[in-house]
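Notes for the one structure printed next.
The values are calculated or read from the model by the stated rules, or taken from the named source; none is laboratory data. Every value quoted in this text rests on a predicted model; they were computed, and no experiment measured them. Here the Cβ positions follow ideal geometry from the backbone for every residue, glycine too, while neighbour counts run over all protein chains shown. Note: areas computed on protein heavy atoms with side chains; ligands, DNA, RNA excluded. Shrake-Rupley method; radii C 1.70, N 1.55, O 1.52, S 1.80 Å.
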Amino acid sequence: MNQFLLAPSILSANFARLGEDVTRALTAGGDLIHFDVMDGHYVNNLTMGPMILKSLRDFNITAPIDVHLMTKPVDIFIPAFAQAGATFITFHPEATNHIDNTINLIKKFGCKAGLSFNPSTSLHYLDYVLDKLDLIVLMSVNPGFSNQKFISSVMNKIYQVRNLIDRSKFNVLLEVDGGIKISNIVDIASAGANIFVLGSVLFDSLDYKLVLNSIRSKLNSVFLSDCV
Ligand code: DX5
Ligand code: ZN
């Protein structure tokens, strides 16, 4: 059975009114929040730290939050994001020295572990850790900025990871991050994604509910009533 989750990416939200904007995105039908952390080192941009995550939790945001760490190093940030209220902590394998240790650290702090791949990062990093992961995030743009064009060669990677997950006995979610629009979401779902990160397509619109409803009805029309 397909179960699709829509993940508003607050990189595109209004930072001056972040709490209200996140609430609006959830009320309009977002399932979980995608929280992009950029350090000006792993990527050429700076965004949010654990204090902002904690502020959202204090603002009564109770939805799951996927913290997407685009940082190098990784491990030093895990305790603070876990304590601030992260549900998932997702990192890039080439940004840490010891992938297995980093996954263990995330779990030790009570969070679910995700591994994220840039468009050109090899999937071989999955070889010995698939059983320990809760989430795989395939980047379909180069990390750093919202509102970029979906890189079409990633479509094949989505199929590959879907096959890998299905052939294993493990329960791993597959999220696609970057350049998702109403026009390509059905293809991305058909390739095997369950979680769709929605940045500019959602927050640059005037009516969040209209966008999320259009996406859900598009997915429903193709995949019957499997949407949650
Ligand atoms: C890019 C981020 C994405 C970004 C997606 O580095 O990881 O989460 O917010 O934004 P859109 O949907 O506009 O591509
Ligand atoms: Zn992201």
**Report entry** For the stretch 45-90, alpha-carbon Rg relative to the globular expectation (2.2 N^0.38 Å, N residues)
**Finding:** 1.08
Requested in this report: For every helix of n ≥ 4 consecutive DSSP H residues, a contribution of -39,500 (n - 2.57) applies; sum these over the chain, divide by its total residues, and give [θ] at 222 nm rounded to the nearest 500 deg cm²/dmol.
Outcome: -10000 deg cm²/dmol
**Report entry** Apportionment of accessible area to carbon and sulfur, the chain, percent (1.4 Å)
**Finding:** 53 percent
Query raised in the report: Could you state the principal axis extents of the C-alpha atoms in the stretch 1-96, from the largest down, to the nearest angstrom?
Result: 38, 35, 25
**Report entry** Beta bridges per DSSP with both ends in the stretch 25-143, % antiparallel, nearest 5
**Finding:** 5 percent
Query raised in the report: Normalized C-alpha radius of gyration of the stretch 58-155, against 2.2 N^0.38 Å?
Result: 1.09
**Report entry** Percent of beta bridges antiparallel (DSSP, the chain, rounded to nearest 5)
**Finding:** 5 percent
**Report entry** DSSP loop trypsin sites (Lys or Arg not before Pro) with at most 14 other Cβ within 10 Å: longest gap in the chain
**Finding:** 1-148
**Report entry** Magnitude of the charge dipole, the stretch 59-114, Cβ model with Lys/Arg +1 and Asp/Glu -1, debye to 20
**Finding:** 120 debye
Report task. Work out, in µm²/s and without decimals, the Stokes-Einstein translational diffusion coefficient of the chain at 10 °C, 1.306 mPa s, Rh from Kirkwood over C-alpha pairs. Result -> 91 µm²/s
Report task. With a bin width of 5 angstrom, please list the P(r) values of the stretch 164-228 as percents of all Cα-Cα pairs, from the 0 bin to the one holding the largest distance. Result -> 3, 16, 25, 24, 17, 9, 4, 2, 0
